[in-house]
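The values are calculated or read from the model by the stated rules, or taken from the named source; none is laboratory data. Everything numeric in this text was worked out from a predicted model, so none of it was measured. No Cβ is skipped: glycine too gets one built from the backbone with ideal geometry, and neighbour counts run over all protein chains shown. For the accessible areas, the whole protein counts, side chains as well, though only heavy atoms, and no ligand, DNA or RNA atoms are used. Shrake-Rupley method; radii C 1.70, N 1.55, O 1.52, S 1.80 Å.
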Amino acid sequence: IPVEDFDLVIFGGTGDLARRKILPGLFRRFLAGQMPKGARIIGAARSELDDAGYRKMVDEAIGEFGGVDAKRADLDAFLAQLHYITVDARGTDGWSELHDLIRFDLVNAFYFSVAPSLFGDLAERLHDYKIADDDSRIVVEKPFGRDLETAQALNNTLAQHFDETQIYRIDHYLGKETVQNLMAVRFGNLLFEPLWNNHYIDHIQITVAETVGVEGRGAYYDQAGAMRDMVQNHLMQLLCLIAMEAPSVFDADAVRDEKLKVIRALQEPAPHHIVRGQYDASKTAPGYREEAGNPQSHTESFIALRCEIANWRWAGVPFYLRTGKKLKARSSEITVVYKDIGHSIFPGDEKRHRNILRIQLQPNEGMELQVTIKEPGPGGMRLIDVPLDMTFAEALGPDAEDSTDAYERLIMDVIRGNQTLFMRGDEVEAAWRWTDPIIEGWQRRGDVPKLYDQGTTGPEDALMLLHREGRRWQGIK
Ligand code: NAD
């Protein structure tokens, strides 16, 4: 369904994120017929470019990152909807011109794809130059603060100029098809929800594993670490969706109210339930400390932790979260492990049978349910566990192969004015309220991350976190 005409201004429109994700994503929406002819995308950044120079840059970016074999005519039609304006977020350059360019009778949105230190400056100038009005939307990238105090300060700054209903804090994990399908499966079937609690679920795992290191982000990353960079936002958001109560209606505030309750009920993990790691140098590749340019660094490039949610549904059910860099495989997965069946009626069947729901987000999106069936053939009543594919590509046809990237889906939600898949200010603050004491504990105790070999599943202790409770990690194959 096409959206209405809009003006989308991308501050930082020449940056890495804009070139790799936002602009190629918008082009794919254009190809899908979702971007109306009257829509305009306005790149706004410090570089001295004109429309033609910007179009050339975006053309190259689509060639490199677009992931589509586009026809020249389509590319040209898309590029014709692009404009560029040189602005200085901290100065006066470009702002009056930007004001004159915006069509105030249409939906207008401003994507802050710049360093967070500029968010306040942008918000202030959009207001002072009367570029944004009460209907404008702003899209804010992560990181949203580095602790509760900075997140609150950022929320307060934005709140001076924008109402909460205008602020779209992006977490691209929420834009993934499978994440939304998770809600459809949970709340659109009778089959899952009655069992979705501590009577039937043994534990839940969330793994986000990367094969890359800190790459060019070393300076930033060394101040953040896996806890701030991944757990406080992405893993926390996934945890919320898996653990929340059913909202009474699928709308932005109803969903976010339920997610907030989960974060508030999340217990602080005991120190022995947290494993921090740092990737070591290998014969051929530098280690974390060299890459981060800090030989003394105690920042974690890996974390695994066990936490619990203190409410009736989840009391006693461990949630194991794990994320790290330079691991064996790129893989993001939520795994819901049900309890073993209470009693086997089949003589000789000594295997433990349990259902496992796997929700894969990367590298491929998909959902499968492990079920136990009879092994086909004349071998008698022998049981095997097999995965039941729940993505139903065959039943749904080509649409099931939807390759819409999370960013493009979320940008279209901004234009539609749908905040359901964006984080609310109080959610972000609650997540920091949980994160801060954990990080402070490490600092107080002088905690040093364990070294781990590159290309593995992280430190041995992370395996032990589950082994000593008779469980094992799923996820990284
Ligand atoms: P980048 O350094 O590649 O680009 C920064 C952009 O900001 C450039 O277009 C630059 O011209 C512009 N800019 C800098 N100073 C300016 C000023 N004073 N006035 C106007 N424009 C100015 O950064 P990036 O990697 O594209 O990241 C942008 C934001 O997105 C950051 O907040 C980052 O944390 C976040 N983010 C990036 C990624 C990613 O994959 N690159 C992923 C998640 C979040």
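Remark: the stretch 211-217, residue by residue, has Karplus-estimated 3J(HN,Hα) of 9, 7, x, 7, 6, x, 9 Hz, where x stands for each Gly or Pro and the curve is 6.51 cos²θ - 1.76 cosθ + 1.60 at θ = phi - 60°. Are there any chymotrypsin sites (Phe, Trp or Tyr not before Pro) in the stretch 266-357 that are in a DSSP loop and have at most 13 other Cβ atoms within 10 Å? List them by number. When the chymotrypsin sites (Phe, Trp or Tyr not before Pro) of the stretch 266-357 are filtered for loop state and at most 13 Cβ neighbours within 10 Å, TRP312 remain. Accessible surface of LYS328, taken over heavy atoms with a 1.4 Å probe and every protein chain present, rounds to 110 Å². Rounded to the nearest 20 debye, the dipole magnitude of the chain is 1600 debye, with +1 charges on Lys and Arg beta carbons, -1 on Asp and Glu beta carbons, and the Cα centre as origin.
Accessible surface of THR456, taken over heavy atoms with a 1.4 Å probe and every protein chain present, rounds to 40 Å². Between GLU469 and ASN189, the simple spin-label model (points 7 angstrom out along Cα→Cβ) gives 2.5 nm. Just want the answer: with Cβ charges of +1 for Lys and Arg and -1 for Asp and Glu, which residue in VAL371, GLY441, ILE62 is farthest toward the dipole's positive end in the chain? Of the candidates, VAL371 comes out farthest on the positive side. Among the protein heavy atoms, those of MET381 account for about 100 Å² of accessible surface (1.4 Å probe, every chain in place).
Other residues lying with their Cβ under 12 Å from the Cβ of THR211 contribute a combined charge of +2, Lys and Arg counting +1, Asp and Glu -1.
For the stretch 423-474, the share of alpha carbon pairs falling in successive 10 Å distance bins from zero is 20, 27, 39, 15 percent.
Shape annotation for the chain: C-alpha extents along the principal axes are 79, 55, 47 Å, from largest to smallest. These residues, ASP100, ASP76, ASP447, ASP69, go from largest to smallest accessible area, 1.4 Å probe, as ASP69, ASP100, ASP76, ASP447.
For VAL448, VAL275, the ranking by accessible surface with the largest value first comes to VAL448, VAL275, using a 1.4 Å probe. Shown are ILE85, ILE42, whose ranking by accessible area with a 1.4 Å probe and every protein chain present, most to least, is ILE85, ILE42.
Taking every Cα-Cα distance in the stretch 62-198 and sorting them into 5 Å bins from zero, the calculated P(r) comes out as 2, 8, 13, 15, 14, 13, 13, 10, 6, 3, 2, 1 percent.
Applying both filters, DSSP loop and at most 15 other Cβ atoms within 10 Å, to the trypsin sites (Lys or Arg not before Pro) of the stretch 1-107 gives LYS37, LYS71, ARG90, ARG103. Per-atom-type breakdown for the chain gives carbon and sulfur 51% of the accessible area (1.4 Å probe, protein chains only). Using alpha carbons only, the radius of gyration of the stretch 60-113 set against its Kirkwood radius gives Rg/Rh = 1.07.
Listed by chain and number, the lysines whose alpha-carbon sits under 28 Å from that of LYS283, ignoring those within fewer than 8 places in the same chain, are LYS325, LYS326, LYS328, LYS450, LYS477.
With the simple spin-label model, which puts each label point 7 Å out from Cα in the Cβ direction, the ARG382 to ALA329 separation comes to 2.5 nm.
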